[in-house]
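Step one of this worksheet: look at the structure below.
The values are calculated or read from the model by the stated rules, or taken from the named source; none is laboratory data. On a predicted model such as this, the values are computed, not experimentally measured, just so you know. Heads up, the Cβs are rebuilt from the backbone with ideal geometry, glycines too, and the neighbour counts pull from every protein chain shown.
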Amino acid sequence: MRFQVERDVFSEAVAWTARSLPGRPAAPVLAGLLLEAVDGAVTISGFDYEVSSRAEIAADVTEPGRGLVHGKLLADIAKSLPNRTVELSTEGSKLMLVCGSSRFNLQTLPVQDYPALPDLPAATGEIAAAGLATAVAQVATAAGRDDTIPMLTGMRVEIEGGTLTLVATDRFRLSYRELPWKPEHPDMSATALIPAKVFADTARALTGRDQVTVALSTLTDGEGLVGFESGESVAAGGKGTRRMTSRLLSGEFVKYRALFPDEYTIAATVETAPFLEAAKRVSLVAERTSPIKLAFTQGEVVLEAGAGDEANSSESLEAVLEGDDITVSFNPTYLLDGLRAIDTRYAQLSFTVPGKPAVLMARESLEEPAQDDFRYLMLPLKGQGQTPG
């Protein structure tokens, strides 16, 4: 194998695939990146039996072939190379990389032991990359981190025609986002549970792209596959593609729709940026399990954290309150995560009665109602230990 490629193109493609390599691979070859050179193009792939990544780039290929090399090391080398053309070649059990005056000789891994990557399922639909990345980031923050309950580490995807719905929960909060997309079939209906971390990493990495094709396989005995692809192949005259697949999670997701009330008795609206900054400052004195208290009265909200002889803090902001005065306490991290997900001028906290979950929503202006395409439900701190639904 021998080929030449632009440094930035090569570095970005290696970084794309290496980011999903396992920290502790089940087999040594799974720590590798597979390089495959054909006429005019090179593909760089990584796979750990759960998640696969594949980047295709244009290259000047003089000798087609394949090589498997330690992925993290290649990524570190690629991002440190000077701005010169990169030449890679294999000879025996070595991969040689030359870039300007920089030279590296790397030991290859047995390419014959590397597993075949799964095929991308049939396309389910298409969505703007930037919109998908924003929506996934808003929802992923509420996903669980405890691998002992795999279902909670996933993001539920619901497809109903031209609407894509994303939901995640860790039992103490739940994030919901609804957005339009272009399905392959207008009457399409499907659900899937995608590992939230994988989904978030992939969506973020595709932000600079235009459109993303989403592909879901049909579930059989709890097994399924999701794929994401963007770009145009080199063979079709494009600059190359990026492709990722992941096995789906199994398990019954929380029946979350019943958690959102049909109407609210209290709604408090605060400017998002000042609210977020004040919450950051006040929560500095809150211990890991200590609450941040919000006391809403007509025209004002007072934020407080800490108590007694310990460090404490408070701050007040202007607020618009519809309904009775209310005081509620939240986990500071959960509140901050929710506010960071709001990208409008105002944030609205809606309540039914004290002690019940509150719903955070985006609001463009005081003259317009809150938007319901993004909803972030939080249990008051006293309610922790309960499972939504």
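Select from segment 164-223 the residues that are closer than 25 Å to ARG19 by Cβ, out of contact with any Leu (no Cβ under 9 Å at 6 or more places or on another chain) and assigned to a strand (DSSP E or B) and list them in ascending order.
GLN211
Six or more apart or on different chains, Cβ atoms under 7 Å: show the pairs whose first residue is in segment 249-275 and modelled with pLDDT of 90 or more and whose second is basic (Lys, Arg) and in a loop (DSSP other than H, G, I, E, B).
GLU271/ARG345; THR272/ARG345
Return a yes/no flag: does segment 180-198 have any residue that is among the acidic types (Asp, Glu) and within 26 Å of LYS356 (Cα to Cα).
no
Among residues belonging to segment 88-97 that are part of a strand (DSSP E or B) and out of contact with any Ser or Thr (no Cβ under 8 Å at 6 or more places or on another chain), point out the one that is surrounded by the fewest Cβ atoms within 10 Å (Cβ to Cβ).
GLU91
How many residues, within segment 273-290, are in contact with a helix residue (DSSP H, G or I) (Cβ under 7 Å, 6 or more places away or on another chain) and either of a type in the set (Ser, Thr, Tyr) or more than 16 Å from LEU339 (Cα to Cα) (or both)?
Residues meeting the conditions: 2.
Among the numbered criteria (1) more than 30 Å from GLU6 (Cα to Cα); (2) of a type in the set (A, V, I, L, M); (3) part of a strand (DSSP E or B), which one does ALA142 miss?
It is condition (3) that ALA142 fails.
Can you report the number of residues in segment 55-71 which are within 12 Å of VAL5 (Cβ to Cβ), β-branched (Val, Ile, Thr) and within 30 Å of the chain's Cα centre (by Cα)?
Residues meeting the conditions: 1.
Having 2 or more residues that are surrounded by 18 or more Cβ atoms within 10 Å (Cβ to Cβ) is the bar; report the strands (runs of 3 or more DSSP E) wholly within segment 1-87 that clear it.
In segment 1-87, the matching strands (runs of 3 or more DSSP E) lie at 2-5, 32-38, 41-47, 51-58, 65-70.
Can you tell me which residue in segment 41-65 is nearest to ALA205 (Cα to Cα), limited to those that are hydrophobic (A, V, I, L, M, F, W, C) and free of Cβ contacts under 8 Å to residues at least 40 places away in the same chain?
ILE44
What number goes with the only condition from (1) touching a Ser or Thr at 6+ places or on another chain (Cβ under 9 Å); (2) surrounded by fewer than 19 Cβ atoms within 10 Å (Cβ to Cβ) that ALA168 does not pass?
(2)
Considering only residues of segment 145-177 that are out of contact with any helix residue (DSSP H, G or I) (no Cβ under 8 Å at 6 or more places or on another chain) and within 25 Å of PRO380 (Cβ to Cβ), which is modelled with the lowest pLDDT?
My answer is ILE149.
For segment 358-381, enumerate the residues that are part of a loop (DSSP other than H, G, I, E, B), among the aliphatic types (A, V, I, L, M) and surrounded by fewer than 20 Cβ atoms within 10 Å (Cβ to Cβ).
LEU366 - this is the single residue of segment 358-381 that is part of a loop (DSSP other than H, G, I, E, B), among the aliphatic types (A, V, I, L, M) and surrounded by fewer than 20 Cβ atoms within 10 Å (Cβ to Cβ).
Of everything in segment 237-258 that's in contact with a strand residue (DSSP E or B) (Cβ under 9 Å, 6 or more places away or on another chain) and of a type in the set (Gly, Ala, Ser), which residue is farthest from PRO195 (Cα to Cα)?
Filtering segment 237-258 for residues that are in contact with a strand residue (DSSP E or B) (Cβ under 9 Å, 6 or more places away or on another chain) and of a type in the set (Gly, Ala, Ser), the one farthest from PRO195 (Cα to Cα) comes out as GLY238.
Select, from ARG145, ARG103, the only residue that is farther than 17 Å from ASP337 by Cα, basic (Lys, Arg) and either touching a residue at least 24 places away in the same chain (Cβ under 8 Å) or surrounded by fewer than 17 Cβ atoms within 10 Å (Cβ to Cβ) (or both).
Exactly one residue qualifies, and that residue is ARG103.
Only one of these is on the phi > 0 side of the Ramachandran plot and either surrounded by 15 or more Cβ atoms within 10 Å (Cβ to Cβ) or acidic (Asp, Glu) (or both): GLY355, GLY338, GLY306, GLY299. Name it.
When all the criteria are applied, what remains is GLY306.
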